[in-house]
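Have a look at the structure below before the remarks.
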Amino acid sequence: MKEPFVIVILAAGQGTRFKSKQAKVLHRAGGRPLIEHTVRAARELPAEAIFVVVGYQADEVTAAVKAIPGPMPGTGVQFIRQESPLGTGHALRCGRRELESAASHLLVLCGDTPLLTARTLRRFLEFHLRSGTAAAVLTAEVEDPAGYGRIVRGSGSSITAIVEHKSASPKQLRIREINTGIYCFRNRSLFAELDRLAPDPITKEYYLTDVIGLLHGRGRKVVAYQAPDPAEVMGVNTRVELAQVEQVLRAQKARELMLAGVTLLRPETVLIDPDVEVGPDTVIEPGVALLGRTRVGEGCRIGACSVITDSDLAAGVTVRPSCVIAESRIATGAMIGPFAHLRPGNWIGPDARIGNFVEVKKTRVGRGSKASHLTYLGDATIGDEVNIGAGTITVNYDGEKKHPTVIEDRAFIGSGTELIAPVRVGRNAFVAAGSTIHEEVPPGALAIARARQVSKPGWVLERKKKTGKKKPSP
Ligand code: UD1
Ligand code: CA
């Protein structure tokens, strides 16, 4: 592309039809805020600069754009303020100072078309530059044009006007070619007409779409470029459309993984965020969510309905159904769940086993160690080949501070033990079931810390006699 151009993304509206306090462009689809999808597509083009028009929740939208990882072109993304949402035409007027002198061409995008690809944008821009006209509109032929602006065609590829749905005549409502909200303008032509825009009589908004009619009225040519795939230019105006876009984006990611050798038993049921990596020959059962920066190695199995966030699973890890795992690292051969809860900060060693109804937090579990049932391990460092019996609790919190528990290699912790931290259990030590341990257990020692059992022979029958019943009830 020889001629310099800048990109401007409109993202100042609240999104009335979303019925949300949160700005529409901050709602997420495919694991990213809507605005991020547009910015990512935009930055693949060789623009001189990218501007985002912000207004409603401007600080939050600005922060969401700044948080997008990866390089931005030139000076990064710049922001234009539209203090009151007086329409798409008004939004561009607010950027006059920055945009007018920036380059001779302007590519206008909307923050609510997340499926649009850089490839389509590039072709559209090339078409505009080649046509040498005042403006080009990216259009699409759709089955259901309701809500969109309609394209009124002139001769050849030219357009005479865009009529908004609300203002369209019955005949115009039947037009199935719609305005995608994406335009290329020759800057000089655009800013000359923006000043002449009048507010819409019904909504009082200044419509950017009216610029097309104004240009035509002045004898300037405006052309249409039809998007090859209408699905790509879908605007998200309601939560119904948000759900449709979400489905498309999730399906794209699922397909990408399947083609890379991952088995998805029911691909339409999983939620896999865009930055998640999964190795080949891993099997993902229905209803799984892999979120954030999660990485799953080769040959793993992720059980149904498990939710894994920002975690790292080595090759050959098994996660059985219904586990919740966050910010944890799991080494090869480990087996987790079903119904395990790994809160942030764990390292689960090779071949370790975290079983059902076990909660683990900020804990290191050594190679081959097992906590198979009904246990809480918090702030603990557990060596290799340790056995943690059912119902073990690290009592790590005294109401003010958290304290560490250390369990050394090959120690055996009997069922129903409470380990009152800070405390250490030495190598090869044996803690008897039902103990409450609050002092260090030396290596190789037996610790038994429970009340001695008392059995009173005949006690039950004695009591029944006293209370007058003949036989103890079964
Ligand atoms: C717009 C077009 C319509 C087109 C449709 C495609 C106008 C008048 N209509 O309608 O022809 O078919 O997009 O999706 O342009 N925005 C601002 N400031 C404002 C108003 C909106 O920045 O004052 C931003 C919004 O945040 C959004 C974008 O502009 O990202 C489009 O606004 P929206 O209200 O969704 O326009 P539509 O009614 O969909
Ligand atoms: Ca829209």
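Across the range 292-381, the mean sequence separation of Cα contacts (distance under 8 Å, 6 or more residues apart), normalised by length, yields a relative contact order of 19 percent. Cross-link partners of Lys402 among lysines, defined as those whose alpha carbon lies under 25 angstrom from its own and excluding same-chain residues fewer than eight positions apart: Lys361, Lys362, Lys370. The stretch between Ala192 and Lys171, if pulled fully straight at 0.36 nm per residue, gains 4.5 nm over its current Cα-Cα span. Quick one, could you list the DSSP H helices from the chain stretching 20 Å or more along their long axis (Cα atoms) with average Kyte-Doolittle hydropathy of -1.0 or above? Helices passing the filter in the chain: 239-259.
Using a Cα-Cα cut-off of under 26 Å, which lysines could be cross-linked to Lys253, ignoring same-chain neighbours fewer than 8 residues away? Counting by Cα, and skipping residues close in sequence, Lys253 has these lysines nearby: Lys24, Lys66.
Rounded, prolate or oblate, given the Cα gyration tensor of the range 42-112, with a/c below 1.5 counting as rounded?
Taking the square roots of the gyration eigenvalues as a ≥ b ≥ c, the range 42-112 is oblate.
In sequence order, the range 89-102 has phi-based couplings of x, 4, 4, 6, 4, 4, x, 3, 4, 6, 8, 4, 9, 5 Hz under the Karplus curve 6.51 cos²θ - 1.76 cosθ + 1.60, θ = phi - 60°, and Gly or Pro positions carry x. The slack between Leu446 and Arg17, meaning 0.36 nm per residue of separation minus the straight C-alpha distance, is 147.6 nm.
Once backbone amide H atoms are built at 1.01 Å from N, Phe79 has Val52 as its partners under 5 Å, excluding neighbours fewer than 5 places away on the same chain.
In whole angstrom, note down how far apart the Cα centers of the range 152-176 and the range 232-250 are. Measuring centre to centre over Cα atoms gives 25 Å. In terms of the mean number of neighbouring beta-carbon atoms within 10 Å, the peptides 179-189, 243-253, 291-301 order highest first as 179-189, 291-301, 243-253. Taking only the alpha-carbon positions of the chain and ignoring solvent, what does the Debye formula give for the base-10 log of I(q)/I(0) at q = 0.06, 0.13 Å⁻¹? With one equal scatterer per Cα and no solvent, log10 I(q)/I(0) is -0.44, -1.08. What's the local net charge at Gly316, with K and R +1, D and E -1, over the other residues with C-beta under 15 Å away? Once positives and negatives cancel, what remains is +2.
Residues whose amide H lies under 5 Å from that of Thr309, counting only those 5 or more places away or on a different chain, are Leu291, Ile325, Ala326, Glu327; hydrogens are built 1.01 Å from N in the peptide plane. Between Ala315 and Ala433, the modelled labels are 4.0 nm apart [label points 7 Å from Cα along Cα→Cβ]. Compared with the alpha-carbon gap, the fully stretched path from Lys464 to Thr117 is longer by 116.7 nm at 0.36 nm per residue.
Over the range 1-61, the alpha carbon radius of gyration divided by the compact-protein estimate 2.2 N^0.38 Å works out to 1.24.
Plainly put, the range 356-474 has a radius of gyration that is 1.20 times its Kirkwood radius, both from alpha-carbon atoms, as the Rg/Rh ratio.
Just so you know, all these numbers are worked out from the coordinates, no wet-lab data involved. The structure displayed is predicted, hence computed values, not measured ones. We place every Cβ from the backbone using ideal geometry, glycine too, and count neighbours over all the protein chains shown.
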